[in-house]
Structures are given as structure tokens and as C-alpha cells.
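The values are calculated or read from the model by the stated rules, or taken from the named source; none is laboratory data. Predicted model, so just to flag it, every value in this text is computed and none were measured. Every residue, glycine as well, gets a Cβ built from its backbone with ideal geometry; the counts of neighbours run over all protein chains shown.
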Amino acid sequence: MTTVGVIGVGYLGECLAEGLAASQTPLVLSPRNAERVNSLADRFGCEIAASNYDVVERSDLVFLATRPTDIAATAAGLPWRDGQRAISIAAGIGLESFAAAVSPALAIRAMPIASCRICESPTAFCPDDSMTASILEKIGSAHPFPDEAQFKTASIFGAFYALSYAFLDEVSGWAETNGLEPVAGRQLSARMVQAAAAAVLDRSDRAPGELLNDLMTPGGITEKGLKVLEDSRALKRWSEALDASAAHSLAIETAANQSKNPGEK
């Protein structure tokens, strides 16, 4: 069985550990963030390494979950070996930024989301790799991309996932304002989005807008609500929000590359 290490047990590292522990995956955690790491060990039987060096020595696949700007420096000097996988989950950090630091292990980029805690993370990763896919499938679904250009776009869906909470908060808040109990409003809002997502997955050969058109009755309540969104450019603002996230991701990558090669412009 593949032993998985996690270096950097912050919030997302903890989510990864919880999801993988649910599938009985052997886990080795870096020792920093002692309270969080000790809690995981107590609850799930995860092993706590003596150091990052120890994590790499004992693992077949290692998630690098530190701050983005610390990925390469953290990975450097550790006992990476051929056949191992080193997976950065940091936004905006390209393969070239840390591949040399983890050589001869295979460098991978992945973008799990916090729902990996409940094994519901659709995780984009690059390059395609069977060992990586098999681990990511334990915490949700694995979505390989053949090159970094496509992965960079796919990785921004991590921001879309987080922004979806803001959307659900607005809708469930409307429900509460209009008389629903808070929990009922949250559950109904989430279930409606879940139902729409299930329909899109079932008919992914069609654009979601086509499925929407199937639902709308001329002059009905959906058409009335959609007009408000379209007239206010509310839907277009979603694309603009993702553009802003993508631009910031690029800025992070540029800064990381300049830090690695300070003489380059």
C-alpha cells in the first residue's frame, strides 16, 4: 500500500489527512503545527515524523502543503528518490519552481479543495500519473491534465469552489430573511446546487445554458430572475472574478520564479 506523507499540516493539509485517513491510507505527517498534528494522530492513528527529512524517507508520495513561496526551499535537501512522487498543492507555483528540488522524484502539481476532508474533492493535477491518480481518487475524483497551461486554468476552480460558499451564503440568507429556519435554508440551497451539478454531470455533452433553457417557461419565475442577473451583469462578474484569481495566481508564479532566479527580469 502506498504510504503518503504530508509536509505542511495547515488547514488544507489537515483536510487531506482526514480524507486519506478515512480510506485507511498509511499517513506520515510533518511535526510542525503540533496541536493539529497531535489531534490527527489521536483521532486517526497517523504517524508523526521527526522531521521533514523523515517524512520523505518514509513515504512513497508526499504532499507539499506549505506556503506557496516556501515550497522549493522546504523540499530542497530532502532524501527524494527515484519512483517517488512530490506533489505541490500550492497555487501559482509552476513545476519548474520546485522540480529540481525534488529530483529524482516525479514533480506533480495538484489542486485539491477542502472538501477532500469528506472525500468530495474534484482534484486537477498535472502531469498524468497513475500513482497520483489512485491517491487522489481516495479523496474524491482525479482530473489529469496533459500540460501546465491547461492545469493553470483548471487550478482556478479552487477559487470557484471557495466563491461558491459566498453564493450559497447569499441565497440561504435570502431564505432566512423570507422566513425559513437558517439550517433549512442552507440545506435547501446546497441541495439545489447539488441537483443542478448532478444534472450537468449527467448531460455534460450539453452546455449548462441549454439545460437552463429546457427548464424555463416563457414568462415564468426563472426567466424573471435570470433577467435581473443578466441586466446587472451578475453572471459576467463570475468570469471577471475568476480572471482576477487567475491573474493573482500568475503573479505568485512570477514572484516565485524571480526569487529563484533573482538576476532575471
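Between ALA195, ALA199, ALA175, the distinction of being part of a helix (DSSP H, G or I), free of Cβ contacts under 8 Å to residues at least 60 places away in the same chain and out of contact with any helix residue (DSSP H, G or I) (no Cβ under 7 Å at 6 or more places or on another chain) belongs to ALA195 only. Taking the criterion of being charged (D, E, K, R) and either buried (at least 20 other Cβ atoms within 10 Å of the Cβ) or touching an Asp or Glu at 6+ places or on another chain (Cβ under 6 Å) (or both), the only residue of segment 71-107 that qualifies is ARG85. Comparison of LEU168, LEU136 shows that the only residue that is part of a helix (DSSP H, G or I), touching a Ser or Thr at 6+ places or on another chain (Cβ under 6 Å), of a type in the set (A, V, I, L, M) and in the same structural domain as PHE98 (by TED's automatic domain parsing) is LEU136. Only residues that are surrounded by 17 or more Cβ atoms within 10 Å (Cβ to Cβ) and either among the aromatic types (Phe, Trp, Tyr) or at negative phi (or both) were counted in segment 134-147, giving 8. Residues considered: ARG58, ARG81. Of these, the only one that is in contact with a helix residue (DSSP H, G or I) (Cβ under 9 Å, 6 or more places away or on another chain) and among the basic types (Lys, Arg) is ARG81. Looking only at segment 1-58, filter to residues that are under 20 Å from GLY77 (Cα atoms) and of a type in the set (Ser, Thr, Tyr); which one of those is surrounded by the most Cβ atoms within 10 Å (Cβ to Cβ)? Of everything passing the filter in segment 1-58, SER30 is surrounded by the most Cβ atoms within 10 Å (Cβ to Cβ). Exactly one residue among LEU16, LEU64 is touching a residue at least 60 places away in the same chain (Cβ under 8 Å) and among the hydrophobic types (A, V, I, L, M, F, W, C), and that residue is LEU16.
Residues checked against (1) within 22 Å of the chain's Cα centre (by Cα); (2) over 30 Å from GLU96 (Cα atoms); (3) part of a loop (DSSP other than H, G, I, E, B):
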{"residue": "PRO146", "(1), (2), (3)": "yes, no, yes"}
{"residue": "THR153", "(1), (2), (3)": "yes, no, no"}
{"residue": "SER164", "(1), (2), (3)": "yes, yes, no"}
{"residue": "ARG186", "(1), (2), (3)": "no, yes, no"}
{"residue": "ARG191", "(1), (2), (3)": "yes, yes, no"}
{"residue": "ARG206", "(1), (2), (3)": "no, yes, yes"}
{"residue": "GLY219", "(1), (2), (3)": "no, yes, yes"}
{"residue": "LEU226", "(1), (2), (3)": "no, yes, no"}
{"residue": "LEU242", "(1), (2), (3)": "yes, no, no"}
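Out of everything in segment 121-158 that is of a type in the set (Phe, Trp, Tyr) and touching a residue at least 24 places away in the same chain (Cβ under 8 Å), what residue ends up being nearest to MET1 (Cα to Cα)?
For segment 121-158, the residue satisfying everything is PHE125.
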